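**Student:** Have a look at this one.
The values are calculated or read from the model by the stated rules, or taken from the named source; none is laboratory data. These figures come from a predicted structure and were not determined experimentally. Neighbour counts are summed over all protein chains in view; Cβ atoms, including those assigned to glycine, are modelled from backbone coordinates with ideal geometry.
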Amino acid sequence: MEEPQYRIRTKRGHSSRLRFWFDPVSKDILNGDADLIYPDELSCDNICMHDLFFPFIEKNFPGRFLFKNELNLMPFENVRNMSEDIRRISSLLLTDYENPVLKRIKLGYSINLLVSEDVYEEKYRDLSPEQEYEAVKNHIRVITDFYKTIADYLDEMISKYGPKGFSAIAISAPV
């Protein structure tokens, strides 16, 4: 996704503006003998990651996820499981939006993440909770496209760096 009109943003490569990063890591990187591979990093908007994506990390992360720009290492096996979970949930969002399995994941969904600020102010600012629920449901492809982008790129990282001896993806985020 490239600079969309809504707030869900991802970028391949390092972006200090987006402030939530996924990086392939090796022993050399962890030992300080090599730098992070910034061109192959996935940068995401921190607000969107927290509101839309954190339940996937929380479910699949081995241990307690730390914020404040700590390197949280997720083994490739956990990343694969997370990617499969993302795809399963995305499919449910498109085909069975009312499924009770989706209740927790939808807690962070908000229409202000899915439309431009101008459109939000003009059309969606004073919605009731029921109206907002329907508005989000009508824009669900924005979220599923976001999920697909992340899952695809994480799968690509594993395919590219697994054969080179990498075994984890570092996830770092601010407070």
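**Student:** Restricting to the stretch 32-64, and then to whatever is within 17 Å of the chain's Cα centre (by Cα), acidic (Asp, Glu) and not in a strand (DSSP E or B), can you tell me which residue is modelled with the lowest pLDDT?
**Tutor:** Restricting to residues being within 17 Å of the chain's Cα centre (by Cα), acidic (Asp, Glu) and not in a strand (DSSP E or B), the top hit is ASP51.
**Student:** Given the conditions (1) on the phi > 0 side of the Ramachandran plot; (2) surrounded by 13 or more Cβ atoms within 10 Å (Cβ to Cβ), report the number of the one that LYS68 does not fulfil.
**Tutor:** (2)
**Student:** For ALA34, all conditions in the list (1) farther than 20 Å from PHE146 by Cα; (2) touching a helix residue (DSSP H, G or I) at 6+ places or on another chain (Cβ under 6 Å); (3) crowded, with 17+ Cβ neighbours inside 10 Å hold save one; what is the number of the exception?
**Tutor:** ALA34 satisfies every listed condition except (3).
**Student:** Quick check: is even one residue across the stretch 11-31 part of a loop (DSSP other than H, G, I, E, B), touching a residue at least 12 places away in the same chain (Cβ under 8 Å), aliphatic (A, V, I, L, M) and out of contact with any Pro (no Cβ under 8 Å at 6 or more places or on another chain)?
**Tutor:** Yes: one or more hits.
**Student:** Follow-up question, since we're still on this one. In the stretch 62-88, what residues are within 21 Å of PRO174 (Cα to Cα) and β-branched (Val, Ile, Thr)?
**Tutor:** Within the stretch 62-88, VAL79 is the sole residue that qualifies.
**Student:** Which residue pairs have Cβ atoms under 8 Å apart, sit 6 or more places apart or on different chains, and have a first residue in the stretch 79-102 that is touching a residue at least 40 places away in the same chain (Cβ under 8 Å) and under 15 Å from VAL136 (Cβ atoms) and a second that is surrounded by fewer than 16 Cβ atoms within 10 Å (Cβ to Cβ) and basic (Lys, Arg)?
**Tutor:** SER90/LYS148; LEU94/ARG141; TYR97/LYS137
**Student:** I want to confirm something. Restricting to the stretch 128-171 and keeping residues that are touching a strand residue (DSSP E or B) at 6+ places or on another chain (Cβ under 8 Å) and under 14 Å from CYS48 (Cα atoms), which single residue is surrounded by the fewest Cβ atoms within 10 Å (Cβ to Cβ)?
**Tutor:** THR149
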